[in-house]
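The values are calculated or read from the model by the stated rules, or taken from the named source; none is laboratory data. Because the structure is predicted, anything quoted here is derived from the model rather than measured. With ideal geometry, Cβ positions are generated from the backbone for all residues, glycine too; neighbour counts draw on all protein chains shown. All accessible areas refer to the heavy atoms of the entire protein, side chains included, with ligands and DNA or RNA removed. Shrake-Rupley method; radii C 1.70, N 1.55, O 1.52, S 1.80 Å.
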Amino acid sequence: MTQPRFLPLVLAAALAANALAPAVAQAQFVHTTNNGTITITGYTGPGGDVSIPETINGWPVTRIGGWAFTGITNVTSVTIPVGVTTIEIAAFQGCYSLVNVTIPIGVLSIEGNAFVGCSIKNI
């Protein structure tokens, strides 16, 4: 029995989609570059469970900028990566659907009103 000819095409498409997944995920984050590090300044993704990447364009994400997620009401969960040291003022203010937040031990500063107006149940 011979293999269907489309199988290699399906496999190639699946591998290509998997390789593009990190780039697509990173594209959801508006950011600035500061001396070789990244500050997340906005989010344009679909919401739901959000995992902030550890790196963007090869540079480490070290800050969640002030007002970066403010008023984004469709985010329900956020995982902040190792390497982030600061969550700036009002970063997640008004994200009333946000119920789960994972903050790594290396975060040294969470500024005022970072999570005001959220419905956090699990940290």
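Here are the numbers for the structure shown:
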{"quantity": "Total formal charge among the other residues, if their Cβ is under 15 angstrom from that of residue 109, Lys/Arg +1 and Asp/Glu -1", "calculated": "-1"}
{"quantity": "Packing rank of 52-58, 62-68, where each peptide gets the mean count of other beta carbons within 10 Å, highest leading", "calculated": "62-68, 52-58"}
{"quantity": "Relative contact order of region 17-123, defined on C-alpha pairs under 8 angstrom at six or more residues apart (%)", "calculated": "21 percent"}
{"quantity": "Interchain or long-range residues, amide H under 5 Å from residue 38's placed H", "calculated": "61, 62, 63"}
{"quantity": "Residue-by-residue Karplus 3J(HN,Hα) for region 56-71, coefficients 6.51, -1.76, 1.60, Hz, glycine and proline x", "calculated": "9, 6, x, 9, x, 7, 10, 9, 9, x, x, 6, 4, 10, 3, x"}
{"quantity": "Label-point separation in nm, residue 35 to residue 123, each point 7 Å along Cα→Cβ", "calculated": "2.8 nm"}
{"quantity": "Local electrostatic count at residue 25 - Lys and Arg +1, Asp and Glu -1, tallied over other residues with Cβ under 12 Å", "calculated": "-2"}
{"quantity": "Distance (nanometres) between label positions extended 7 Å along Cα→Cβ at residue 82 and residue 97", "calculated": "3.1 nm"}
{"quantity": "Carbon/sulfur fraction of accessible area - region 75-123, other protein chains in place, 1.4 Å, %", "calculated": "58 percent"}
{"quantity": "Solvent-accessible area per residue for region 60-123 (1.4 angstrom probe, square angstrom)", "calculated": "47 Å²"}
